[in-house]
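The values are calculated or read from the model by the stated rules, or taken from the named source; none is laboratory data. Just so we're clear, the structure is a prediction, and the values are computed from it rather than from any experiment. Glycine gets a Cβ as well: all are built from the backbone with ideal geometry, and neighbour counts include every protein chain shown.
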Amino acid sequence: MKHKLELIYFKMRALAEAPRLLLHYTNIEYDDLMSWDYYNKDWSEVKPNIPFKQLPMLIVDKKHHICQSMAIMTFIENLAGINITDPILNAKANAIMQSAQELFMPLNPTVNFATGEKFIKKRDDMTPYLLSRFEDLEKIIKESKKKFFIYDEPRACDFVVFHHLDLSKLLDQSIIKNFPRLEKFLEDIMLIDSVKNYLDKRPKLIDVSIEPKLIIDGVPHPTGVKKT
Ligand SMILES: N[C@@H](CCC(=O)N[C@@H](CS)C(=O)NCC(=O)O)C(=O)O
């Protein structure tokens, strides 16, 4: 059964990114909408009525409001029929997905919003944590002996890992260079046609650490939760 899907988010490259990548990979159609365009209201007015008061949210058939980016990932995987049915592998995939998702804070807000001295301090403070988590991920993918974390084809967990590793390059492009197997993983994801298409077209995030902006339809917009 085909569902109408509407992914609601803000102007930032953060928690809607893995759902977008997975939707493109699975060739599932969806509308990508800014909160203010969907609701025609400022986020401060919308927020109290959202199930967990944060975005992203996937609206299914104008009726079901699914919050929490990891719940959205699992839903898309199920919808596409690529959910991992083996309970052990499924648990391992979930552990990888959660461990990658823990990189969200402080990596994503720092890249999308921090500037100047604050950016440098946050970057330097989080570097040991990133190195340690990247080391764990590198070890796990090496041990899997597969192209991706679970199989030779990617699953939800791979796109969550991809997003955070990819974003780390905008924080400090040297961190990922310590992990050749993770760099190969990033390349393999980027080589998938439907994913490459999306990556080539997605809004570019520019002026990180100075005055971050997303280039949307050729126009630079400051990152944030406000219409510009
Ligand atoms: N655990 C949630 C976190 C969602 C979240 O932190 N959303 C942020 C943007 S990335 C947000 O809605 N910020 C606006 C606000 O909190 O008012 C998820 O994974 O979806």
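Checking Lys62 against (1) charged (D, E, K, R); (2) within 14 Å of the chain's Cα centre (by Cα); (3) on the phi > 0 side of the Ramachandran plot, which test does it fail?
Of everything listed in (1) charged (D, E, K, R); (2) within 14 Å of the chain's Cα centre (by Cα); (3) on the phi > 0 side of the Ramachandran plot, Lys62 misses just condition (2).
Being among the aromatic types (Phe, Trp, Tyr) and touching a Pro at 6+ places or on another chain (Cβ under 7 Å) is the filter here; which residues of segment 25-65 pass it?
Tyr25
Just to be sure I understand, how many residues within segment 23-69 are outside any loop (DSSP other than H, G, I, E, B), closer than 26 Å to Ile189 by Cα and either more than 14 Å from the ligand (Cβ to nearest atom) or among the polar types (S, T, N, Q) (or both)?
7
So Ala156 fits all but one of (1) within 16 Å of the ligand (Cβ to nearest atom); (2) under 20 Å from Leu205 (Cα atoms); what number is the exception?
All conditions pass for Ala156, except number (2).
Search segment 42-53 for residues that are in the same structural domain as Ala71 (by TED's automatic domain parsing) and pair each with any residue that is in a helix (DSSP H, G or I) and within 7 Å of the ligand (Cβ to nearest atom) when their beta-carbon atoms are under 8 Å apart and the residues are at least 6 apart or on different chains.
Between residues of segment 42-53 that are in the same structural domain as Ala71 (by TED's automatic domain parsing) and residues that are in a helix (DSSP H, G or I) and within 7 Å of the ligand (Cβ to nearest atom), the close pairs are Lys53/Lys47.
Tell me, which helices (runs of 4 or more DSSP H) wholly within segment 153-228 include 2 or more residues that are touching an Asp or Glu at 6+ places or on another chain (Cβ under 9 Å)?
Hits in segment 153-228: 156-171, 180-190.
Could you list all residues from segment 27-41 that are without any contact (Cβ under 8 Å) to a residue 60 or more places away in the chain, of a type outside the set (Asp, Glu) and surrounded by fewer than 16 Cβ atoms within 10 Å (Cβ to Cβ)?
Ile28, Leu33, Tyr39, Asn40, Lys41 - these are the residues of segment 27-41 that are without any contact (Cβ under 8 Å) to a residue 60 or more places away in the chain, of a type outside the set (Asp, Glu) and surrounded by fewer than 16 Cβ atoms within 10 Å (Cβ to Cβ).
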